[in-house]
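J.: Provided herewith is a single structure, encoded as structure tokens, for subsequent inquiry.
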Amino acid sequence: MEVYRSLRPCPSGFLPTLTTMRDSYKGFTATQLQPQHVSFDLTGSGKSKPRLVSVQRKSTEPFETHWGGEQLIRMPPLKPTPVAMCQITREDWLGANNVNYRRLESSRRHAESFWRETSRLIQSKEQLTRRTQSDSSRWIGERITEISFWRSELGFELEQLLRDTERLRQVKFRLDRALKETDGPLQMSQECQFQCQKLNDGVIDVVEKELVQEVTVIRSSQEQLERIRDKVQKQLESNRRVQHQLEKDMDDKHRALQIDSHCHTLTNCSPATNYYPDLSLLDTSVSVPVSWVQYSEDNIGNSASERRATRDVTELVEGTLVATARDMWSQYSRVNAAFTLRVNQNTHAKNTLQQHLAKTLQEMHQTERTISDLEVSIWAKRAPLRVAQSRLEERTHRPNMELCRDHPQTRLLSEVSGLQDTVLSLRQRLSEAQATLQQLADCKSVLEQELYTKALSLFIDQERCLGLRKTYPSTPRLVGYT
């Protein structure tokens, strides 16, 4: 078998259409431009049949080049390479041309079909791109609406929380002021107890019992107010934590709203756009729509719960302030009533003692006059007794039988005896009068001591205790309004 090989030029109709567009060079492979030759069988075994055989082009010129950063295929030269003369028949030549024509027609039909499919693909992708971009814009707009809604809800809840918190702060201020006001009544009651102990009568009457009860009531009120104040402080701290969470959520939503609003305004003609090819591969999300909504709902729910607790604590403080003020004023009234009753009793007792003292002084004066009369009467009996005794003594000097117990003598003896009995009785009465006077003096001393005690008690009760209790704080001050 003898094979003849020769190079032949490629038909000019086989080459693609030359254009100035860069895209016309894309997709053109070097294999389509490789030179070919036709091989014939000349052994005589049969009719020779042409056969196409590819021949590698030996050229040092590269087919690839770069244009605008893209790898392109450089066109081969249009001038055919000189070839050697081929000894083929016309039929073979016509057959080879028909094969080339049919292949070129198939390539043109394929190119036309490819172009039409590509046009449809471009249009569909363009529509898909626009629709996708429109859907993205619509979803971003809906997201902006959702963010605005939840931001407004958070803002409303934050406003309600701040209002309730401010009211609780005002109530706490009143609570602190009311707690401070209880120090004065406590010192007042303790001072009244101290003053009442100065009487030293050893009797615990109603006043002292009521004063002890008043101190107990005031201290119990202070303990209640201090416990309530601790509750208020803890509630304020809880409100502050919830407020911080709401403000943080609102700030995040405000920032997200700004970002999404900016994204919603971006278009294909916006200059502030750029390529970020790696972002689609990264998932930086920390939540999904359900958890995102749940987060805001939880914040609002926590705030609503704390607002309810705040209102409960506020009402508790209001009720406690009113109750403590009512208890303190009720006990204050009872103590004042006890003081008033004791003042009335002491006043009556003092008046009675003064009456008895006046009568005692009158009796003492009368007794002193009686004693004086007795002393004068006794002094007056001395002269008659002296005269009678002198007469008896002179008559003892009568001589002999003249010493007769005659009637004068008997009378003188009777007179002296009578005078002595009279003086003795008068002296006895004088002793009794002096004893009576001493008893009246002792009674006078006791009455004066009692009067001093009653006067001191009245002075302490009226001037010091009741005078001091006139400065007792009013109900508005005890509930913290003034």
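The values are calculated or read from the model by the stated rules, or taken from the named source; none is laboratory data. This one's a predicted model, so the numbers in the text were calculated from it and none came from an experiment. Positions of Cβ are backbone-derived with ideal geometry, glycine not excepted, and every protein chain shown enters the neighbour counts. The accessibility values were calculated without ligands, DNA or RNA, using every heavy atom of the protein model including side chains. Shrake-Rupley method; radii C 1.70, N 1.55, O 1.52, S 1.80 Å.
J.: With +1 assigned to the C-beta of every Lys and Arg and -1 to the C-beta of every Asp and Glu, and no other charges, what is the dipole magnitude of the range 266-328 about the Cα centre in debye, to the nearest 20? It would help to have the intermediate numbers written out before the result.
T.: Numbers: 4 positive and 9 negative charges, 34 e Å.
It comes to approximately 160 debye.
J.: Could you work out the local net charge near Val217, counting Lys and Arg as +1, Asp and Glu as -1, over the other residues with Cβ closer than 13 Å to its Cβ?
T.: On the way: positive: Lys209, Arg219, Arg326, Arg334; negative: Glu210, Glu214, Glu223, Asp327.
With Lys, Arg at +1 and Asp, Glu at -1, the neighbours total 0.
J.: If each of Ser377 and Glu315 carries a label point 7 Å out from its Cα toward its Cβ, how far apart are those two points in nm?
T.: 9.2
J.: With every protein chain left in place, what is the accessible area per residue of the range 168-276 in square angstrom, probe 1.4 Å?
T.: I get 63 Å² per residue for the range 168-276.
J.: Compute the relative contact order of the range 379-475 as a whole-number percentage, counting only Cα pairs closer than 8 Å that sit 6 or more residues apart in sequence.
T.: Over the range 379-475, the number comes to 26 percent.
J.: For the range 247-349, with all protein chains present and a 1.4 Å probe, just round the carbon and sulfur fraction of the accessible area to a whole percent.
T.: After summing per-atom areas, the C and S share lands at 58 percent.
J.: Okay, next question. Calculate the dipole size of the range 409-482 relative to its Cα centre from +1 charges on Lys and Arg beta carbons and -1 charges on Asp and Glu beta carbons; express the result in debye to the nearest 20.
T.: 480
J.: Excluding ligands and nucleic acids, what accessible area in Å² is computed for Arg391 using a 1.4 Å probe, to the nearest 10?
T.: 130
J.: Would you mind listing how long the range 126-275 runs along its three principal axes, going by Cα atoms, in whole Å with the largest first?
T.: For the range 126-275, the Cα extents along the three principal axes come out at 112, 22, 18 Å.
J.: Using just the alpha carbons, could you tell me how many Å³ per residue the convex hull of the range 232-339 encloses?
T.: Spelled out: Cα convex hull of the range 232-339, divided by residues, is 135 Å³.
J.: If you don't mind, another one. If the reach is capped at under 12 angstrom between alpha carbons, list the aspartates and glutamates near Lys454, excluding any in the same chain fewer than eight residues apart.
T.: Asp201
J.: Say the cut-off is 28 Å between C-alpha atoms; which of Lys209/Lys231; Lys180/Lys470; Lys180/Lys209 go over it?
T.: Lys209/Lys231
J.: Please give, to one decimal in nm, the separation of the simple spin-label points placed at Val387 and Arg120, each 7 Å out from Cα toward the Cβ.
T.: For the pair Val387/Arg120, the computed spacing is 18.3 nm.
J.: Something else: Ignoring ligands, DNA and RNA, how do Lys444, Lys198, Lys180 rank by accessible area with a 1.4 Å probe, largest first? Can you show the working numbers first?
T.: Numbers: Lys444 55, Lys198 85, Lys180 150 Å².
My answer, sorted largest first, is Lys180, Lys198, Lys444.
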